[in-house]
Amino acid sequence: MNTDHLRAFVVAVDEGTFDAGAALLQVSGSAFSQRIKALEREVGHVLVTRTIPVLPTESGAELLRIARQTITLEDEARRSLGFHRFPGQAAPTVTLAVAVNADSLASWFIRVLQEAATWDDVELHFYAEDQEHTHELLRNGTVAAAVSENPSPVSGCRATALGTMRYWPVASTELLDRHRSADGVIDWERVPLVEYGIRDSLQRGGLRRLGVSGTPTTHMVPSVEAYNAAVGFGLGWGMIPEGMMPAGVMEGTHPDLTILEPIGPQETTLYWQHWSSTIAVMDRLTQAVRRAAARMR
């Protein structure tokens, strides 16, 4: 397959419109469209929707990961050989898209960003997704690597254990007191909880361990910092990573927040999954992730 055609296909999906893709590749809109059509004729399938944003079709989704790998390998080769796509252009960078769960991205994974700040040959695109679902972005070709809780490698990928994140259920004592009966029993079906998003299952797992079958008031706060603040303000109880715990909570000396002992901690083992094809920038990123994960809490 022609790599220029594959690149146009990937750029169309990433940029969302043919016009934006053409501008990025510095070609006319008609030339860009012809590249997409030529690829579709070659494979015998329509690969993208002609909508805004452009989306891969079912056949396109199957080709997307292979297309990304192909152009990444080409970019790596161009970089190594000092070959530029356009006259006077700086040495090409290699783009790597990575899926990371939000808690990791806001905590231990920051050390990866610190290392990457010294690289001048890599462009990193991060996608924040729950650790239970990051492997889906790897499977459909959206990303080249992912921090996932799935130990089974996606087809064409490798998986390596990184370590374990421990989450603790935390609540404001004032919140608990408002839902405590005269004999001191907490009505867990009435205590509000905070979830990061609709795919966040940590809190519901905690309720199952309590034997609670009902659904309490559930607040959705899709920001790590705001989520932790919401728990601190007493909006609801929630699971907070041990490494992001407010001072004094673990020691029992915090003036308001307390660990919910009846629920107890929950541990999530994380894995690093990435394309099996070996390129220097992926190897470097993998080593940085492993070093950062060694200090995971």
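The values are calculated or read from the model by the stated rules, or taken from the named source; none is laboratory data. Just so it is clear, the structure is predicted and the values come from calculations on it, not from any experiment. Note that we place each Cβ from the backbone using ideal geometry, even for glycine, and neighbour counts take in every protein chain shown.
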Q.
Please pick out the residue among 190, 199 that is surrounded by fewer than 21 Cβ atoms within 10 Å (Cβ to Cβ), modelled with pLDDT under 90 and not in a helix (DSSP H, G or I).
A. 199
Q | Residue in the stretch 29-52 that is within 28 Å of the chain's Cα centre (by Cα), part of a helix (DSSP H, G or I), over 14 Å from residue 11 (Cβ atoms) and not aromatic (Phe, Trp, Tyr) present | A | no
Q) Got at least one residue in the stretch 164-176 being at negative phi, free of Cβ contacts under 8 Å to residues at least 12 places away in the same chain and not assigned by TED's automatic domain parsing to the domain that holds residue 63? A) no
Q. When you scan the stretch 43-77, how many residues do you find that are exposed (fewer than 14 other Cβ atoms within 10 Å of the Cβ) and closer than 30 Å to residue 280 by Cβ?
A. 2
Q) Can you find a residue in the stretch 57-71 that is among the basic types (Lys, Arg) and either assigned to a helix (DSSP H, G or I) or closer than 24 Å to residue 135 by Cα (or both)? A) yes
Q.
The conditions are (1) within 22 Å of the chain's Cα centre (by Cα); (2) modelled with pLDDT under 90, and residue 86 fails exactly one of them. Which is it?
A. (1)
Q: Could you check how many residues of the stretch 161-179 are touching a strand residue (DSSP E or B) at 6+ places or on another chain (Cβ under 7 Å) and either acidic (Asp, Glu) or surrounded by fewer than 15 Cβ atoms within 10 Å (Cβ to Cβ) (or both)?
A: 3
Q. Which residue pairs have Cβ atoms closer than 6 Å, lie 6 or more positions apart in sequence or on different chains, and pair a first residue in the stretch 57-70 that is farther than 16 Å from residue 143 by Cβ with a second residue that is surrounded by fewer than 16 Cβ atoms within 10 Å (Cβ to Cβ)?
A. 57/46; 59/45
Q: Answer yes if at least one residue in the stretch 139-157 is without any contact (Cβ under 8 Å) to a residue 60 or more places away in the chain, in a strand (DSSP E or B) and surrounded by fewer than 21 Cβ atoms within 10 Å (Cβ to Cβ), and no otherwise.
A: no
Q: May I ask you to list the residues in the stretch 131-165 that are hydroxyl-bearing (Ser, Thr, Tyr) and either over 15 Å from the mean Cα position of the chain (by Cα) or within 20 Å of residue 279 (Cα to Cα) (or both)?
A: 142, 152, 155, 160, 164
Q) Of the residues that make up the stretch 148-169, is at least one within 16 Å of residue 266 (Cα to Cα), modelled with pLDDT of 90 or more and of a type in the set (A, V, I, L, M, F, W, C)? A) yes
